[in-house]
1. If you go through segment 251-258 one residue at a time, do you hit one that is within 21 Å of residue 359 (Cα to Cα), outside any loop (DSSP other than H, G, I, E, B) and of a type in the set (A, V, I, L, M, F, W, C)?
2. Evaluate the following for residue 183: is it in contact with a strand residue (DSSP E or B) (Cβ under 6 Å, 6 or more places away or on another chain), modelled with pLDDT of 70 or more and assigned to a helix (DSSP H, G or I)?
3. Tell me, please, whether a residue that is in a loop (DSSP other than H, G, I, E, B), closer than 20 Å to residue 2 by Cα and not charged (D, E, K, R) can be found in segment 383-404.
4. Going through segment 507-527 one residue at a time, which ones are assigned to a strand (DSSP E or B) and surrounded by fewer than 16 Cβ atoms within 10 Å (Cβ to Cβ)?
5. Looking for whichever is touching a residue at least 24 places away in the same chain (Cβ under 8 Å) and either exposed (fewer than 11 other Cβ atoms within 10 Å of the Cβ) or of a type in the set (A, V, I, L, M) (or both) here; the options are 11, 64. Which one fits?
6. Tell me which helices (runs of 4 or more DSSP H) are completely within segment 273-368 and hold 3 or more residues being hydrophobic (A, V, I, L, M, F, W, C) and more than 17 Å from the chain's Cα centre (by Cα), or say none if there are none.
7. Answer with yes or no whether residue 373 is not in a helix (DSSP H, G or I) and not acidic (Asp, Glu).
8. Considering (1) part of a loop (DSSP other than H, G, I, E, B); (2) modelled with pLDDT of 80 or more, say which one residue 152 fails and leave the rest.
Amino acid sequence: MTYNLPPWMCMKQEYLMLSLLIPGPKLPENDIDVYLQPLIEELKELWELGIETYDATRNKTFQMHAALLWTISEFPAYAMLSEWSTKEKLACPSCNYGTCSSYLTHSWKMCYMGYRVLLPKEHSWRTNKRSFNGKEEHRKAPPLLEGMEVLSHLDSMENSFKKTKKKLIVFLELLDKSGKTKDHLNARYDLQEIGIRKNLHPKEIRGHRKVKFAKACFSMTKADKSIFCDVLKKAKLPDGAASNISRCVNLAKRKVSGYKTHDAHFMLHYLLQISIKSILPDSVAIPLIRLGSFFRQLCQKVITLEEINQLEAEIVITLCQLERIFPPSFFDIMMHLPIHLANEVRLGSPVQFRWMYPPERYMCTLKSYVRNRSRPEGSIAEAYLVDECLTFCSRYLHDGIQTKLNRMPRNNDANDFEAEIPHSFPILFLKKGCPLGAKKGELFSLDDKSRNQAHSYILLNCGKIEDYVRFHTRQREARRKTHNSGVTLVALTTSFASAKDPNPIRAKISYYGRINDIIELDYFGNFKVVLFRCDWYETQEDGYGSSYVQFNKKCYQEKPFVLACQVHQCFYVQDPFDQNKHCVMKSIPRNLFNIGDEADVDPQAIYEKEPSDQSMGPSIPNDNGEIDLIRGDLHEVVIDASKGVLLSQEYNTESEDNSKDDIE
């Protein structure tokens, strides 16, 4: 990936370069050094000597140099590239020898807990033994490796380009056979061995080879699972935000399966909080909501150092709260890594330039080239070269020939009207939206009231519509799987604290609505303006930091019009218990980048226009109070210990076996 391209180009497939393809049906493991050696030599040559390159704009050649900034890989592949094991005791490469880990003898796996070590020294949780591992925590946070320290370790390291035998550790090879839950019988035996959470320990039934244990506070009934799946099934998402998640939900079996990695990413950011706060106790719902909010803020396209510092402190509190609730088997290395993600953003720029989604999409394209399944790498290499040649040639074709590089984007926002605007008009419209598709609405005239309302907005405001964003009316999206009619308007209001205090207080207020009509006003061929006629709704906040609108309670009906340049897109997710109550979700479209062309851009003005969520969600009480770890409305689970078979899992309201209805 070439990072000296504009943000909207550098992660696109036509600008990615396939530099190495390793053949063979198996992973190269330690042999990857042999394959990487020629690539490393070329990278050294590019950095030290450079390569002669032609500059078409200047019509001359120059010596181009290149540097490898970083590599992008999933965490298991990191072990192969760096030879640092990501499964054993010291699995975290950032904590290094300070990794806090322990081996669970019954679950046969390593767990990574001890997040209290990252809390401030005076925090009350450091002395709370009962809610954590039964010990007080007085250690200092492990220092992160500095760059010079890493180099000193590598200087004394010898590379051996040969295959080495690796010790086979049984507990690292075994996986959870059920694959559905981390709260199983062996996890309860681990709690018993550690000596914590005695009310969750398994109890043997005398005279039988059976054990029983209470349901944990994060367990869900069949009704809860139906509500969880129903939220995902009914949710309509903006165009291009994610795939159709509803197709992955089976309401009859209460199953969620077949979703992509990016879908899980989107559900964690936006959809998870809607369902869990309705069906789980606050002690469980709040830290999970905060976890989703952490990733949502971490993945912003623009992030400040102050926000990074706040995220770095807040994720420690969230993980400590999760440590009080979930069993040790829940805390694998993937639950440990979030404590380092904020620092990675501080060091390496926003995550959209470093995450796995563009490479994964490109891998899907490369795999589609395979025709000879016995030699897939040959098919990929041949098709890639053909595609590169066609891409190179298409850049030099004249404008009259349509290629994939110059064709209209899916959500086209091109300004096809270049007429001059009269100087007598007091505003200048820089850019406008344009209709998509062949079918356009019929021409009609506004009534006097609507015409006056529209003109009042036009005379007071100007700007541009969100680039590459698709807006639909409520009627048009009714039969579609996507939701593109939601809009939010952020306005600055001025108020005074009191009559004695003359200093004004400026605050931002958000208004939420849905588009009824999209109107393009044609001012006698001089210029055109796009207006939205919207229904605005009353807004309220809940105790979890979310905003809700009531679709049965309209407001500001005398002011329905708004310029397209004034609003941002949002979407609404229906509350599982009230069909008129919808939670507001703000998301920035994938291809939208707010980059000003002027040198003297006002950062405060940009901040006021961006739809961002600065809150980590509901706060976690800083106390040592006990958490109710058992769901009192659920019966205990009975298991045949000799076979590991679930015999009974009855609810107070149900008597059916629920063993096949678990959601991971």
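The values are calculated or read from the model by the stated rules, or taken from the named source; none is laboratory data. Not measured: the values here are computed from a predicted model. Positions of Cβ are generated from backbone atoms using ideal geometry, with glycine treated the same way; all protein chains shown enter the neighbour counts.
1. For segment 251-258, residues within 21 Å of residue 359 (Cα to Cα), outside any loop (DSSP other than H, G, I, E, B) and of a type in the set (A, V, I, L, M, F, W, C): absent.
2. So residue 183 does not fit the description; no.
3. No, there is no match, as no residue in segment 383-404 is in a loop (DSSP other than H, G, I, E, B), closer than 20 Å to residue 2 by Cα and not charged (D, E, K, R).
4. 507, 508, 509, 510, 516, 521, 522
5. 11
6. On the way: elements: 282-298, 305-325, 333-336, 338-348, 357-367.
Of the helices (runs of 4 or more DSSP H) lying wholly inside segment 273-368, those with at least 3 residues that are hydrophobic (A, V, I, L, M, F, W, C) and more than 17 Å from the chain's Cα centre (by Cα) span 282-298, 305-325, 357-367.
7. Numbers: not in a helix (DSSP H, G or I): yes; not acidic (Asp, Glu): yes.
Yes: the conditions hold for residue 373.
8. Against the list (1) part of a loop (DSSP other than H, G, I, E, B); (2) modelled with pLDDT of 80 or more, residue 152 comes up short only on (1).
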